[in-house]
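Everything below concerns the one structure shown next.
The values are calculated or read from the model by the stated rules, or taken from the named source; none is laboratory data. Source: prediction; values computed, not measured. No Cβ is skipped: glycine too gets one built from the backbone with ideal geometry, and neighbour counts run over all protein chains shown. Please note that ligands, DNA and RNA were not included when accessible areas were found on the heavy atoms of the full protein model with its side chains. Shrake-Rupley method; radii C 1.70, N 1.55, O 1.52, S 1.80 Å.
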Amino acid sequence: MTNPVLVEVMRGALVESRHRGAVAVIDADGRTMFEIGDVDRPVFPRSAIKAIQALPLVESGAADACGFDDRDLALACASHSGEAAHAERAAAMLARAGLDEDALECGSHWPLGEQATLDLARAGQTPSALHNNCSGKHAGFLCVCCHGGTAHRGYSGYDHPMQRELRAVMEQVTGAVHDRDNAAVDGCSIPTHAVPLRALAFGFARMATGAGLAPRRAEAAKRLLGACMAEPFFMSGSARIDERLMAAAAGRIFCKTGAEGVYCAAIPELGLGVALKCDDGATRASETMLAAMLAKLLAAGDPLATTLRDMARPPVVSRRGIRVGEIRATEGLA
């Protein structure tokens with residue numbers, strides 16, 4: 001099945017580029033509310049599922065034992081920009097478990113945030129693992145290990161108890177099998193599993209409503225999504241779309257980007273989960289797909305829907321900042 005074109009990039013009055021993709025919107029009972037494209041094709045969700053992967057941090061009691069607040073929990077779910085506040089909080093999370101950045105197994109890279117990269121370079125510094133966009137997630141894993149008395153070395157490996165627990169959590173929340181047959185390695189060195197968009201959307205509907213989850217897990221899910229919506233800067237970064245969208249939604253929408261054009265979202269008030277994939281992995285297209293889909297799901301007269309429709313049509317600008325076109329959703333989404 002060939003996925004439809006869902007996003008067009010306009011230059012002037014002409015379509016310059018096109019992006020194909022698929023979108024699934026599922027409720028907490030597993031019913032399909034909207035779908036377009038092949039939503040049963042397995043995709044690697046990458047970082048879009050970090051909030052589900054953070055469930056053991058809360059369920060185990062590790063978050064409370066470490067005295068974590070919403071900012072810490074948001075960072076545990078984050079693909080952050082590597083700004084100073086992000087790196088400092090990741091270090092503080094590790095310190096609560098008696099560890100430092102040497103315990104991180106995510107590797108290092110220059111910050112995702114351009115200004116954060118410039119600040120580091122101007123200071124004559126190089127990035128550490130704390131600047132890795134996944135350092136908060138990994139700090140959370142380490143806190144779970146230390147709280148439970150599990151040896152943390154090698155926690156990123158497929159057979160480590162931490163990864164076994166994460167697979168069990170992912171299977172229970174999404175209903176999709178997570179085993180060696182659909183496993184690969186993510187950019188931060190932990191396992192990632194290819195599952196259908198339908199399962200990912202179902203999982204986030206459950207996260208948003210607690211339906212089908214044990215009471216402790218349902219409460220943990222509510223707390224994690226609430227933390228991200230309350231502190232979007234710490235689960236994203238300055239001026240990035242996750243931060244801007246959740247700030248505009250003011251507690252009504254959770255969303256999380258993943259690498260290679262994947263996005264997951266939840267609308268608690270509607271009890272819906274959303275998962276999408278831009279086939280060519282373009283972030284510019286996945287962001288437009290997400291904003292357009294969320295606007296479509298809200299009531300037409302809802303002011304937030306208007307804001308989201310604006311976000312779904314970002315401008316194409318010249319090097320002088322002149323608007324020369326726009327990115328827009330096609331009729332199937334808009």
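Each Lys or Arg adds one and each Asp or Glu subtracts one; over the other residues with Cβ under 13 Å from the Cβ of residue 104, this totals -2.
Shape class of segment 69-188 from the alpha-carbon gyration tensor: prolate, with a/c at 1.5 or above and a/b greater than b/c.
Between the amide H of residue 6 and those of 19, 20, 21, distances stay under 5 Å, these residues lying 5 or more places away or on another chain, with hydrogens modeled in the peptide plane.
Only helices enter the 222 nm calculation for the chain: every DSSP H run of n ≥ 4 contributes -39,500 (n - 2.57), and dividing by all residues gives -11500 deg cm²/dmol, rounded to 500. For the chain, the cysteines with no partner cysteine C-beta closer than 4.7 Å are 66, 77, 143, 145, 146, 228, 255, 264, 278. Please build a GNM for the chain, connecting alpha carbons under 10 Å apart, and tell me which residue among 21, 124, 140 fluctuates the most. Largest GNM mean-square fluctuation: 124.
Which order do 263, 158 take by accessible area at a 1.4 Å probe, largest first? Display every interim value, and only then the final one.
Details: 263 0, 158 45 Å².
The most accessible residue leads, giving 158, 263.
Backbone geometry of segment 18-23 corresponds, through the Karplus equation with coefficients 6.51, -1.76 and 1.60 at θ = phi - 60°, to 3J(HN,Hα) couplings of 9, 10, 9, x, 9, 9 Hz, x marking Gly and Pro.
Once you keep just the Cα pairs under 8 angstrom separated by 6 or more residues, what percentage relative contact order results for the chain? Intermediate values should be presented prior to the final figure.
On the way: 739 pairs, mean separation 79.9, N = 334.
With pairs under 8 Å counted, the relative contact order is 24 percent.
Note that segment 5-333 carries a Kirkwood radius of 19.9 Å, evaluated over its alpha carbons pair by pair. Using 0.36 nm per residue and subtracting the Cα-Cα separation, the extra length available between residue 180 and residue 252 on full extension is 22.3 nm.
In terms of its C-alpha gyration tensor, segment 275-329 has an oblate overall shape, because the principal axis ratio a/c (a ≥ b ≥ c, square roots of the eigenvalues) is not below 1.5 and a/b does not outweigh b/c.
Ligands, DNA and RNA are left out, and with a 1.4 angstrom probe the accessible area of the chain is 40 Å² per residue. Nonpolar atom fraction for segment 5-333, defined as the carbon and sulfur part of the 1.4 Å probe accessible area, stands at 50 percent. Restricting segment 214-284 to GluC sites (Glu not before Pro) that sit in a DSSP loop and have at most 13 other Cβ atoms within 10 Å of their own Cβ leaves 269. The value of relative contact order for segment 104-173, using C-alpha pairs under 8 Å at least six residues apart, is 28 percent. Using only Cα coordinates, the Kirkwood hydrodynamic radius of segment 14-59 works out to 13.6 Å.
Projected label points at residue 108 and residue 305, each 7 Å from Cα along the beta carbon direction, are separated by 4.9 nanometres. Of all complete DSSP H helices in the chain, not one has a Cα span along the helix axis of 30 Å or greater and a mean Kyte-Doolittle hydropathy of 0.5 or more.
Show 23, 316 ordered by accessible area, largest first, where the area counts protein heavy atoms only and the probe is 1.4 Å. All intermediate terms of the calculation are to be shown ahead of the outcome.
Working: 23 0, 316 25 Å².
Order by accessible area, largest first: 316, 23.
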